[in-house]
Amino acid sequence: MRRFWLVLLILPPLLALAVLPPFGQRLVTLIGIYALLGLGYQLVFGQLGALNLAQGALFGVGAYGAVLTIPSLGDASVLAAPLAAAAIAALVAGPILRLQSHYFALATLALAALVSLIAVNAESLTGGANGLTGFGSASAHGKLLMAVVWIVLIASVLTYARLFSGHLGEGARLLREAPLAAATLGIDGARWRFTAFVTGAAFAGFAGACSASLNGVVSPEVAGFPIMVMCLTSVVVGGVRHPMGAVLGAGLAVCLPELFRGLEAGWLLAYAAATLAVVLWAPQGLAGLIDQPPARAVPVLPEQFVPVRGAQRLTLDRVTKRFGGVDALSDVSLTIERGEVVGLIGPNGSGKTTLLNVISGLECADGGTIVLDGTHLERWPAHLIARTGLGRTFQTPVAEATRAAELARVLQRQPAFLLLDEPAAGAGEGERERLVLLLRKLRDAGHGVLIVDHDIELLAKACDRLVCLDRGVVVAVGRPGEVRQDPKVQASFLGLAA
């Protein structure tokens, strides 16, 4: 993180201690609390792109957790609060994290509503609508509370910046933008989402506990939806992925109401206008506007390929895949050896991409076996299959540099077998010739390659064998010249009369 941001991060508590009156110190403490809440939210919403609407409710769980444990734990209750919020997040993570897009958002909204209902109606535990008071003297407050909040915040921001500036940040980007590609690179998306969701909840719980100490009262409003709205808007305004985004957003969320206090409720209009302006003209947030993210390092293909090690044979035996009443694959059997390039051809809808998806674990086979040197893979998830030595690329009919970068990223893991899905789609003649040379280099380095393409001339130059699919059934297997002369292949793929 740049020195400018480091100074900006350390300056508020130092100024508060040196020159600000108690009210100013309280505002600085509140900025730190909301920044911690937002930093935890960045893990799920910013890094993984999932709209979590329960962060505000988990903030309330932390506040109640701290207050309820103060009699027995004293100041240590501030540590029990994040554990309570994280425990609840871990408990519900199983069903919630299986959902995608707006279904995930609705599920987290339901969780938030449940927490709010409990806060209002469980009067014997939460005090109901009146809340809980009378614990202020037993908790940290004043300068001590501000020091605790900002020490934790500074350490958390620096750790966040360090972690997501390297491979962790690239993994999060892949999960956010291309989750299927991430899985085929060995990234366990389920574990990432669980870790981010639970860790974000712990941040919310700790922030809630500090808020309870600051205010001296905990009521259902602390778990209400306005806290969630404030968290979401402050992170969007500050920057959803920048390490300082949550801090800048929290500063605006706390200071703007004070600056526009004379406008009474009109400050909300000013805040809404500022938020809209940032969304329209600075989608990366204020931090991103000030500090443009560095260009990502694009992987490049090596000039020479290192001989690969690993499994020797990939065998499919009577593999079947159905979608409803349609047999996408029917009793498909084939074998690929290391150091061999096999081309997979067939008309559109013949099951070529489905076969690659089944092998790589993106689809589950309904029947048959997929064996890599004696290890059955047909029930394994995609990220574990990738770790056994299978690499996969996807159809990307764009620039040659993009296709080369995708293949280079896969080859960084040194997979024994490669599954290439139409790597020449939209390519010119020169790029196709370079692809033929590349396939020969991969074969010489010991990779086993299964390549899907419609260009039978290209495959005839590069492949040792061809396999032709028609309506999910293997209709021909053999050397390129033999397969091209097969009447079934000419009828189904080449469009000639049977």
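Output yes when any residue across segment 193-203 is free of Cβ contacts under 8 Å to residues at least 40 places away in the same chain, part of a helix (DSSP H, G or I) and of a type in the set (Val, Ile, Thr), and no when none is.
Taking segment 193-203 as the starting set, the residues that turn out to be free of Cβ contacts under 8 Å to residues at least 40 places away in the same chain are 195.
Adding the requirement that they be part of a helix (DSSP H, G or I) leaves 195.
Checking which are of a type in the set (Val, Ile, Thr) leaves us with 195.
Yes: segment 193-203 contains one or more residues that are free of Cβ contacts under 8 Å to residues at least 40 places away in the same chain, part of a helix (DSSP H, G or I) and of a type in the set (Val, Ile, Thr).
Would you pick out the residues in segment 373-402 that are closer than 29 Å to Val300 by Cβ and either among the charged types (D, E, K, R) or outside the structural domain of Phe417 (by TED's automatic domain parsing) (or both)? Write out each step before concluding.
Looking only at segment 373-402, we keep the residues that are closer than 29 Å to Val300 by Cβ, and these are 382-402.
Scanning segment 373-402 gives Arg387, Arg392, Glu400.
Would you call Arg403 under 34 Å from the mean Cα position of the chain (by Cα), more than 18 Å from Thr354 (Cβ to Cβ) and not polar (S, T, N, Q)? Don't jump to the end; show me each part of the working.
Working: under 34 Å from the mean Cα position of the chain (by Cα): yes; more than 18 Å from Thr354 (Cβ to Cβ): yes; not polar (S, T, N, Q): yes.
Against the criterion (under 34 Å from the mean Cα position of the chain (by Cα), more than 18 Å from Thr354 (Cβ to Cβ) and not polar (S, T, N, Q)), Arg403 qualifies.
Is it the case that segment 236-258 has a residue that's touching a residue at least 40 places away in the same chain (Cβ under 8 Å), in contact with a Lys or Arg (Cβ under 9 Å, 6 or more places away or on another chain), surrounded by fewer than 24 Cβ atoms within 10 Å (Cβ to Cβ) and part of a helix (DSSP H, G or I)?
So far as segment 236-258 goes, no, none of its residues is touching a residue at least 40 places away in the same chain (Cβ under 8 Å), in contact with a Lys or Arg (Cβ under 9 Å, 6 or more places away or on another chain), surrounded by fewer than 24 Cβ atoms within 10 Å (Cβ to Cβ) and part of a helix (DSSP H, G or I).
Return the total of residues in segment 214-226 being under 13 Å from Val115 (Cα atoms) and either among the hydroxyl-bearing types (Ser, Thr, Tyr) or in a helix (DSSP H, G or I) (or both). Talk me through it step by step, then tell me what you get.
First pass over segment 214-226, keeping only residues under 13 Å from Val115 (Cα atoms): 219-225.
Subset that is either among the hydroxyl-bearing types (Ser, Thr, Tyr) or in a helix (DSSP H, G or I) (or both): 219-223, 225.
Residues flagged as under 13 Å from Val115 (Cα atoms) and either among the hydroxyl-bearing types (Ser, Thr, Tyr) or in a helix (DSSP H, G or I) (or both) within segment 214-226 amount to 6.
Could you pull out the residue among Arg413, Arg409, Arg434 that is outside any helix (DSSP H, G or I) and under 18 Å from Ala445 (Cα atoms)?
Numbers: Arg409 fails: outside any helix (DSSP H, G or I); Arg434 fails: outside any helix (DSSP H, G or I).
Going through Arg413, Arg409, Arg434 in turn, just one is outside any helix (DSSP H, G or I) and under 18 Å from Ala445 (Cα atoms): Arg413.
Of the residues that make up segment 16-30, is at least one out of contact with any strand residue (DSSP E or B) (no Cβ under 9 Å at 6 or more places or on another chain), assigned to a helix (DSSP H, G or I), on the phi < 0 side of the Ramachandran plot and of a type in the set (Val, Ile, Thr)?
Within segment 16-30, the subset out of contact with any strand residue (DSSP E or B) (no Cβ under 9 Å at 6 or more places or on another chain) is 16-30.
Filter once more, so that each one left must be assigned to a helix (DSSP H, G or I): 16-18, 22-30.
If we keep only those that are on the phi < 0 side of the Ramachandran plot as well, we get 16-18, 22-30.
If we keep only those that are of a type in the set (Val, Ile, Thr) too, we end up with 28-29.
The answer is yes; a qualifying residue exists.
Of the residues that make up segment 263-283, is at least one touching a residue at least 60 places away in the same chain (Cβ under 8 Å), surrounded by fewer than 22 Cβ atoms within 10 Å (Cβ to Cβ) and either under 30 Å from Ala85 (Cα atoms) or assigned by TED's automatic domain parsing to the domain that holds Leu9 (or both)?
Residues of segment 263-283 that are touching a residue at least 60 places away in the same chain (Cβ under 8 Å), as a first pass: none.
No, there is no match, as no residue in segment 263-283 is touching a residue at least 60 places away in the same chain (Cβ under 8 Å), surrounded by fewer than 22 Cβ atoms within 10 Å (Cβ to Cβ) and either under 30 Å from Ala85 (Cα atoms) or assigned by TED's automatic domain parsing to the domain that holds Leu9 (or both).
Could you tell me whether segment 33-51 includes any residue that is among the hydroxyl-bearing types (Ser, Thr, Tyr), touching a residue at least 40 places away in the same chain (Cβ under 8 Å) and closer than 24 Å to Gly251 by Cβ? Talk me through it step by step, then tell me what you get.
Residues of segment 33-51 among the hydroxyl-bearing types (Ser, Thr, Tyr): 34, 41.
Those still in the list that are touching a residue at least 40 places away in the same chain (Cβ under 8 Å) too: 34, 41.
Subsequent filtering for residues that are closer than 24 Å to Gly251 by Cβ retains 34, 41.
Among the residues of segment 33-51, at least one is among the hydroxyl-bearing types (Ser, Thr, Tyr), touching a residue at least 40 places away in the same chain (Cβ under 8 Å) and closer than 24 Å to Gly251 by Cβ, which makes the answer yes.
Determine, yes or no, whether Ile370 is under 30 Å from Ala491 (Cβ atoms) and either of a type in the set (A, V, I, L, M, F, W, C) or not assigned by TED's automatic domain parsing to the domain that holds Gln414 (or both).
For Ile370, the condition - under 30 Å from Ala491 (Cβ atoms) and either of a type in the set (A, V, I, L, M, F, W, C) or not assigned by TED's automatic domain parsing to the domain that holds Gln414 (or both) - is met.
Answer yes if at least one residue in segment 346-367 is surrounded by 16 or more Cβ atoms within 10 Å (Cβ to Cβ), part of a strand (DSSP E or B) and in contact (Cβ under 8 Å) with a residue 24 or more places away in the chain, and no otherwise.
no
Mind counting the residues in segment 290-300 that are touching a residue at least 24 places away in the same chain (Cβ under 8 Å) and surrounded by 15 or more Cβ atoms within 10 Å (Cβ to Cβ)?
Within segment 290-300, residues that are touching a residue at least 24 places away in the same chain (Cβ under 8 Å) and surrounded by 15 or more Cβ atoms within 10 Å (Cβ to Cβ) number 2.
Name the residue, out of Val332, Val371, that is modelled with pLDDT of 95 or more, in a strand (DSSP E or B) and more than 15 Å from Leu469 (Cβ to Cβ). Before the answer, list the steps.
Working: Val332 fails: more than 15 Å from Leu469 (Cβ to Cβ).
Unique residue meeting the criteria: Val371.
From Leu11, Leu36, which residue is within 17 Å of Val157 (Cβ to Cβ), surrounded by fewer than 24 Cβ atoms within 10 Å (Cβ to Cβ) and out of contact with any Lys or Arg (no Cβ under 6 Å at 6 or more places or on another chain)?
Values: Leu36 fails: surrounded by fewer than 24 Cβ atoms within 10 Å (Cβ to Cβ).
Among Leu11, Leu36, only Leu11 is within 17 Å of Val157 (Cβ to Cβ), surrounded by fewer than 24 Cβ atoms within 10 Å (Cβ to Cβ) and out of contact with any Lys or Arg (no Cβ under 6 Å at 6 or more places or on another chain).
Please list, ordered by residue number, the strands (runs of 3 or more DSSP E) wholly in segment 446-485 having 1 or more residues that are surrounded by fewer than 17 Cβ atoms within 10 Å (Cβ to Cβ) and without any contact (Cβ under 8 Å) to a residue 40 or more places away in the chain. Step through it out loud before you land on a result.
Working: elements: 448-452, 465-470, 473-478.
Fully inside segment 446-485 and qualifying: 473-478.
The values are calculated or read from the model by the stated rules, or taken from the named source; none is laboratory data. None of the values given here were measured: they were computed from a predicted structure. All Cβ positions, even for glycine, are placed from backbone atoms using ideal geometry, and neighbour counts span all protein chains on display.
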